[in-house]
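Taking it in order: structure first as structure tokens, then the write-up.
The values are calculated or read from the model by the stated rules, or taken from the named source; none is laboratory data. Bear in mind the structure is a predicted one, so any value in this text is a computation, not a measurement. Backbone-built Cβ (ideal geometry, glycine too); neighbour counts: all protein chains shown. Heads up: the accessible areas ignore ligands, DNA and RNA and are worked out on the full protein's heavy atoms, side chains in. Shrake-Rupley method; radii C 1.70, N 1.55, O 1.52, S 1.80 Å.
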Amino acid sequence: MATVTSSRRTFEKTLRSAKTTMVFSETFRLAIDSFRASKVRFMLTMLGMIIGSASIILVVTVGLTGKQYALNMISSIGPNMIEMQYNGGSIAGPDNTSTPDWMTHEDERAVNAEVPGILASSPMLETHDRISMGGGIIKDALLLGVSPQYKDVRNLAILAGRFFDDQDAVQHAKVGVLVETFAKSLFGSDSEAVGKSVTIKGIPFTIVGVFKERVETFGQSEISDQTMLIPYPVARYFTGTDTVKQIFFTMRNSNDVSSAATRILAIIKARHRATSVYTAFTLSEVLNVMARIANMLTVVLTLAAAITLIVSGVGIMNSMLANVQSRIREIGIRKALGATRKEIRMQFLTEAVFLSLSGGVIGTVLGLAVPLSVSFLTPYKIPASPWSAVIALATSVLIGVIFGTLPANRAARLDPVETLKYE
């Protein structure tokens, strides 16, 4: 007896499943037929969904492109760079005088010995002086004493000549590298500056190269428009001290920057007085802030583009209401033949979703075609987010359901007797 009951239940469940599949298949076929019967009206209604879906994808693409460009520009300042700075604190002398607790070249050596993964490092000794070009021409200049690795740490671009090397530093060679703006103001062009001689405190220096920062920092970095870089051992002659205010490090792996900055800061603090203040500055913080700002702007612009889809949804609702009005007699005949309210509601809701989703698919294809075509046909790589396509399609379905519900309910509530009398 239990076996017969179980078999009966299985048969009824299979029958209901087959009936549901058949009803859905019939509903979908009726939606297609309705679309074919009014192609022009439905195509015009779909146009809003096409524009809205394409707008969402293009807005996200523009946001991602701007984000990538900004992050690449910031990274060009010095990839994987850690900048150590002295911010305050002093050493009290025997006569109650205080001396700043600057960092030293020995701090740099200690860090290089204890922290793995450092690719290059450079101290920076800063001094201001006047340089003479002969003929009575004297200019104020910012002299930065750095190591040859400074070029790699700061990712500088050499425009003419070369950067001084390890041999220049060991031999205390009197050579210098000028920033582009300074070279042009002194000699007229980059190439003209190379090989020329300037005098600092009566000592002749040969200009061996001209450089620039890969990203314009507008004077917000240690490099100004009147900067001349010289070997660190030579710069010590002008200051008579081994102390430095800044030390630069660059890591081999970007994933190690944060942990290395913490370790470097701890090492330097341990080598100085507890009251002295030092900070480790990395571009990771700037990059994270920039990424959050770019993501927020992208979200805001995407929501603005989604308003177009809402307006399109109103158009779909009006079109479906007109569709219901023109098919009142057909609805009456279907109800007379046994169609339930649920089936009538499902029929018109399916038509609304089909209309909305079709526009969403076309708009998504057009939206993705723009960045993909640019990336394929040009050397520029435009990022295309698959999530933007998912959002556009999901929103299209949601718009179809929301704005198709009212016409579908209206069709389902029609009285079959009155609909059969409708002319």
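Cβ-Cβ under 6 Å, sequence separation 6+ or interchain: first residue in the stretch 35-48 and part of a helix (DSSP H, G or I), partner modelled with pLDDT under 70. Which pairs?
Pairs found: Phe42/Phe35.
Can you tell which of Arg236, Arg214 is in contact with a Ser or Thr (Cβ under 7 Å, 6 or more places away or on another chain), among the basic types (Lys, Arg), surrounded by fewer than 20 Cβ atoms within 10 Å (Cβ to Cβ) and not in a strand (DSSP E or B)?
Answer to the check: Arg214.
What are the pairs, 6+ residues apart or on separate chains, where a residue within the stretch 327-343 that is within 18 Å of Leu406 (Cα to Cα) has its Cβ under 7 Å from a residue that is open to solvent by 70 Å² or more (accessible area, probe 1.4 Å)?
Correct list of pairs: Ile328/Tyr422.
Suppose we keep only residues that are without any contact (Cβ under 8 Å) to a residue 12 or more places away in the chain and more than 15 Å from the chain's Cα centre (by Cα) within the stretch 260-299. Which one would you say is nearest to Thr65 (Cα to Cα)?
Ala266
Kindly list, by first and then second residue, each pair from a residue in the stretch 234-256 that is closer than 15 Å to Arg109 by Cα to a residue that is modelled with pLDDT of 85 or more and open to solvent by 50 Å² or more (accessible area, probe 1.4 Å), limited to pairs with Cβ atoms under 6 Å and residues at least 6 apart or on different chains.
Thr243/Trp102; Gln246/Gln85; Thr250/Leu119
Just checking, which of Thr350, Thr364, Thr405 is in contact (Cβ under 8 Å) with a residue 40 or more places away in the chain, within 30 Å of Val299 (Cβ to Cβ), among the hydroxyl-bearing types (Ser, Thr, Tyr) and in contact with a helix residue (DSSP H, G or I) (Cβ under 6 Å, 6 or more places away or on another chain)? Walk me through it before giving the result.
Details: Thr350 fails: within 30 Å of Val299 (Cβ to Cβ); Thr405 fails: in contact with a helix residue (DSSP H, G or I) (Cβ under 6 Å, 6 or more places away or on another chain).
Unique residue meeting the criteria: Thr364.
For the stretch 274-291, which residues satisfy the criterion of being at pLDDT below 85 and open to solvent by 30 Å² or more (accessible area, probe 1.4 Å)?
If the condition is that a residue be at pLDDT below 85 and open to solvent by 30 Å² or more (accessible area, probe 1.4 Å), then Ala274, Thr275, Ser284, Glu285, Val286, Leu287, Asn288, Val289, Met290 are the ones that fit.
Has the stretch 378-391 got at least one residue that is within 16 Å of Met43 (Cα to Cα), part of a helix (DSSP H, G or I), aliphatic (A, V, I, L, M) and at pLDDT 80 or above?
No, the conditions are met nowhere in the stretch 378-391.
In the stretch 320-350, how many are assigned to a helix (DSSP H, G or I) and open to solvent by 10 Å² or more (accessible area, probe 1.4 Å)?
So the count comes out to 18.
Collect the residues in the stretch 393-409 that are small (Gly, Ala, Ser) and surrounded by 15 or more Cβ atoms within 10 Å (Cβ to Cβ), keeping them in residue-number order.
Ser396, Gly400, Gly404, Ala408
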